[in-house]
Structure formats: structure tokens, C-alpha cells
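The values are calculated or read from the model by the stated rules, or taken from the named source; none is laboratory data. What you see is a predicted model, and the numbers here were worked out from it, not measured in a lab. Note that each Cβ is placed from the backbone with ideal geometry, even for glycine, and that neighbours are counted across all protein chains shown. For accessibility, only protein heavy atoms count, side chains too; no ligands or nucleic acids. Shrake-Rupley method; radii C 1.70, N 1.55, O 1.52, S 1.80 Å.
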Amino acid sequence: MRRLPERAPPHPKEHAVTTSNHHPIAIVGGGLGGLVLARVLHLGGVEAVVHDLEASPAARPQGGMLDMHVESGQAALRAAGLHEEFLAAIHPGGEAMRILDKHGIVHMEEGDDGGTDGRPEVSRHDLRDMLLASLPQDTIRWGAKVAGARPLTGGRHEVTLASGETFTTDLLVGADGAWSKVRPLLSDARPAYSGISFVEAHLDDADTLHPESAEVVGGGSLFALGDEKGFLAHRESDGRLHVYCALKVPADWFTTGGIDFTDTEAAKARILTSFDGWGDALRGLIGDADGALVPRLIHALPVGHRWDRTPGVTLLGDAAHLMSPFAGEGANLAMLDGAELAAAILAHPGEAEKALTVYEEGLFPRSEHAAAVSADNLDVIFHPDAPQGLLDMFASFREEAEAAGAGS
């Protein structure tokens with residue numbers, strides 16, 4: 001995850017704010033999707049309150065780089081009036097990509113032409129700061145961890161916080177991620193383990209301290225695949241390398257396999273036994289990592305997850321359509337969800353049910369498509385013939401682009 005820079009957060013008042021008893025619009029979750037929703041509503045003259053479980057904006061790292069898609073993430077930033085600020089925050093060179101086999105042989109390499117029409121990279125941390133700074137200071141209720149919610153009459157809901165406080169709302173939006181406390185109001189679905197687990201690692205100041213790792217990753221992203229496993233990595237704007245070691249293992253493998261993540265060196269050695277015979281430079285992405293290793297199991301909601309229209313409540317982002325990261329759509333879709341929900345609310349003042357119906361009619365098909373692509377890509381990336389399937393996929397993309405160019 002990205003190291004937080006030593007600077008003041010956008011809002012200096014980092015203490016938890018006591019909630020009032022009632023909010024016309026309450027957003028649970030202060031991630032990118034919830035913040036875009038609050039920002040676009042604010043621009044339209046409608047205020048919402050965001051409840052976030054973190055104690056402050058700087059309570060934890062916010063992750064690494066995100067590629068912002070023109071049709072989703074960038075569209076949301078335009079709706080939020082922040083596209084120019086986004087352009088200034090782009091990480092130059094971040095769109096470069098390399099695909100390697102297990103021996104470290106490069107099979108495909110693409111550069112970054114510096115354009116903004118593709119999928120430019122930006123730090124999630126910087127993006128969140130940008131959104132936080134664009135909101136009135138009292139929008140966010142920090143330290144407001146939601147424990148549950150229950151329906152009242154007339155589409156209203158009562159939300160209970162872990163502190164025991166409660167509040168009511170006319171419109172409740174669950175933007176609270178994979179293990180949403182709002183989702184049970186709408187759906188019995190729960191995320192299921194995808195069969196893939198990550199071990200997350202970082203290498204600091206890579207060009208100076210880890211030149212071999214810096215060289216193998218290159219200037220942007222890396223896919224090094226084989227034997228139904230691999231290394232996925234990208235270079236961050238501060239010179240760190242953000243690495244995910246991916247393994248196709250049972251959900252309990254980290255515990256039953258005897259890996260003690262409190263002993264970093266022992267954990268490195270144990271993980272690397274799964275990569276015997278792999279290139280030394282690739283093994284070094286874990287073996288030479290700085291700091292602790294972090295296990296992360298990849299979960300997903302069912303492809304096509306949806307719910308019946310339920311008065312006064314809806315979902316966005318991972319709460320609505322958690323998927324594996326292999327289509328690069330998670331953050332982009334969450335932000336688009338926020339912008340689209342805000343647009344529907346603003347277009348139908350005083351008609352919450354009409355707004356939610358319009359929003360969900362667009363949400364369900366686009367999230368189903370993205371989730372299906374993500375599931376398919378997982379199979380391709382961790383297929384026994386990898387990286388061949390991924391190489392074939394990018395070759396087909398190039399052919400389509402060339403055909404479209406020839407026909408224009």
C-alpha cells in the first residue's frame with residue numbers, strides 16, 4: 001500500500017463527529033464511490049452526510065495506483081468538477097506494461113505515450129485527498145462505524161453505530177465495501193472466495209535500493225505468470241514498487257500452511273517455496289521486500305448480483321458488485337456509480353424512488369458485464385498455459401483497435 005506523505009490531511013479536524021439524529025441522505029462509507037456521490041450532490045445543492053469507520057482521513061494507507069478509465073472513473077471526475085485536478089495528479093509513464101513468463105523472459109512490452117485518452121495512472125491516496133478537499137468540512141463523520149440498519153416506515157431507515165448511537169435517514173446508501181452492513185437490507189448475497197490469494201509487498205526507493213526489481217517491473221505494470229500463479233506489480237509515483245504475489249490456493253491455505261506473517265523472513269521463505277524454478281529477479285520481488293507481507297484473499301459477489309427495488313436504500317461500489325481486480329474496474333465503477341446516483345437524485349427532486357429506479361436500471365447491466373469480464377480474466381491469467389492467454393487477449397485488443405482505425 002502507498003505510504004502516506006508527511007502532510008496535513010485535507011480536513012484538520014480528525015476527531016469523530018457526533019451524528020445528529022436524522023439525515024435526509026446518509027452515505028455509509030467514505031471510499032471513492034461514496035465521496036463522488038457526496039461531491040456531485042454538493043455541486044447540485046444537495047447535502048449528504050458520509051459516515052466512515054476510520055478515525056480520521058489519515059488513519060490508514062489507501063492503496064496504490066489506479067488506472068482511470070475514460071468512460072467511468074474519468075467521467076465521474078468530470079461530473080465532480082475535478083478532472084483538471086486529476087490531470088495534474090497523473091503519474092507519468094504509469095500506463096507502461098510488461099508481460100513475462102516464470103523465467104523472467106519478456107513476451108510483451110508496451111510503453112506509455114503520455115496521453116490521457118487511455119487509462120492514466122493516479123495514486124488512490126491523492127485521488128481520495130482530492131475528493132475530501134472538495135467537500136464541506138462537516139460532510140464526513142469520522143469514527144462512525146456502522147453496526148447495522150433496519151427499515152422503518154415510509155422508506156426511512158434507522159442506522160446503529162458501533163458506539164451505540166443511532167440516526168435515521170430518508171435515503172440510505174451503502175458504499176461500505178465488500179462486507180457491507182447495508183447490503184443485508186437488500187440481498188442475502190455474500191462474497192465468495194475466488195480461489196486466488198495475494199501476498200502484498202513493497203520495495204522502497206526501488207531504483208536505488210532494489211535496481212534488479214526496478215528493472216524487471218519497468219516503468220508501469222508487470223504481469224509475470226506461470227503454473228497458475230504469478231507476480232503482479234506496479235511502480236508508484238514515489239518510486240516504490242507495489243507487488244502482489246498471486247497464488248491459486250484454498251481459502252485456509254495461509255493458516256493451514258503454517259505461514260507466520262508476524263515473522264516476515266520466515267513468511268518470505270515459505271511463500272518462495274511456491275516459486276521454486278522461477279527467475280531470481282521475480283523471486284526478489286518477495287524475497288527483498290521491505291516491511292511486512294500482508295495476506296489478502298480475493299472475494300467476489302455473484303456475477304449479475306442485483307436486488308428488488310426496496311424503498312429508501314441502495315448500494316454502490318463493492319457493496320453492490322464486488323469483483324476480482326482482474327478487469328481494473330472496481331474503483332472506476334464505484335466512482336461512476338456515485339456520479340450516476342447523484343445525477344438521478346438531482347434529476348428527480350422529491351422523487352427518491354424514481355431516482356433509485358433510474359440509477360439501478362443502469363447499475364445492474366454495467367456491473368454484470370464488468371464482473372463477467374473480471375471473472376473471465378481471472379481464468380485467463382491463472383490458466384495453466386499463462387501467460388499465453390493474456391498475450392492472446394492483448395493481441396486481439398490491438399487487432400480490434402487497428403480494424404477500428406482502418407474503418408474510420
What percent do you get for the relative contact order of the chain when only Cα pairs under 8 Å and 6+ apart count? 21 percent
For His299, the accessible surface traced by a 1.4 Å probe with all protein chains present amounts, in square angstrom to the nearest 10, to 40 Å²
Longest principal axis of the chain (C-alpha) makes with the long axis of helix 388-407 (C-alpha) an angle, in degrees to the nearest 10, of 70 degrees
For the range 73-112, take every pair of Cα atoms, bin their distances at 10 Å starting from 0, and report each bin as a whole percent. 25, 30, 24, 18, 4
What is the range 29-156's relative contact order, in percent, from Cα pairs under 8 angstrom and six or more apart in sequence? 39 percent
Cα long-axis angle, helix 330-347 against the chain (0 to 90 degrees, to the nearest 10): 20 degrees
Keeping every protein chain in place, order Lys248, Lys102 by accessible area at 1.4 Å, biggest value first, i.e. largest first. Lys248, Lys102
Straight-distance crosslink candidates among lysines, where the alpha carbon sits under 19 Å from Lys229 and sequence neighbours closer than 8 are dropped: Lys102, Lys248, Lys268
So, relative contact order of the range 120-182 in percent, Cα under 8 Å, 6 or more apart, is 22 percent
Is the C-alpha gyration tensor of the range 55-167 telling us rounded, prolate or oblate? Criteria: a/c under 1.5 is rounded; beyond that, a/b larger than b/c is prolate, otherwise oblate. prolate
Compactness check, the range 301-393: C-alpha Rg relative to the 2.2 N^0.38 Å globular estimate gives 1.29
Largest to smallest accessible area among Ile105, Ile381 [probe 1.4 Å]: Ile105, Ile381
Rounded if a/c is under 1.5, else prolate if a/b beats b/c, else oblate: with a ≥ b ≥ c from the C-alpha gyration tensor eigenvalues square-rooted, which is the range 216-264? oblate
Largest first, please: the extent of the C-alpha atoms of the chain along each principal axis, to the nearest Å. 63, 58, 40
Per q in 0.10 Å⁻¹, report the Debye log10 I(q)/I(0) for the range 85-233, using one uniform scatterer on each alpha carbon and no solvent. -0.64
Approximate shape of the range 43-101 as ellipsoid semi-axes (Cα gyration tensor, √5λ), whole Å, largest first: 27, 20, 11
Roughly how tilted is helix 32-43, in degrees to the nearest 10 and between 0 and 90, from the longest Cα axis of the chain? 40 degrees
Average projection area in nm² (convex hull over Cα atoms of the range 242-366, one quarter of hull surface): 10.4 nm²
Keeping all protein chains in the complex and leaving out DNA, RNA and ligands, what accessible area do you get for Arg124 with a 1.4 Å probe, in Å² to the nearest 10? 70 Å²
Please calculate the 1.4 Å probe accessible area of Phe261, with all protein chains present, and give it to the nearest 10 Å². 40 Å²
For the full complex of protein chains and a 1.4 angstrom probe, list Glu215, Glu236, Glu85 by accessible area with the highest value first. Glu215, Glu85, Glu236
Given Leu53, Ala76, Leu247, which one lies farthest toward the positive end of the charge dipole of the chain, if we put +1 on the Cβ of every Lys and Arg and -1 on the Cβ of every Asp and Glu? Leu53
Leaving out ligands, DNA and RNA, what percent of the accessible area of the chain is carbon and sulfur, probe 1.4 Å? 52 percent
Per-residue [θ]222 nm for the chain (sum of -39500 (n - 2.57) over DSSP H runs n ≥ 4, rounded to 500): -10500 deg cm²/dmol
Accessible area per residue, 1.4 Å probe, Å², for the chain: what's the number? 42 Å²
Modelling each spin label as a point 7 Å along the Cα-to-Cβ direction, I'd like the Lys145/Val70 distance in nm, to one decimal. 4.4 nm
In whole Å, what are the Cα extents of the range 140-215 along the three principal axes, biggest one first? 62, 31, 20
Taking a ≥ b ≥ c as the square roots of the Cα gyration tensor eigenvalues, with a/c under 1.5 meaning rounded and otherwise prolate when a/b beats b/c or oblate if not, the range 178-290 comes out prolate
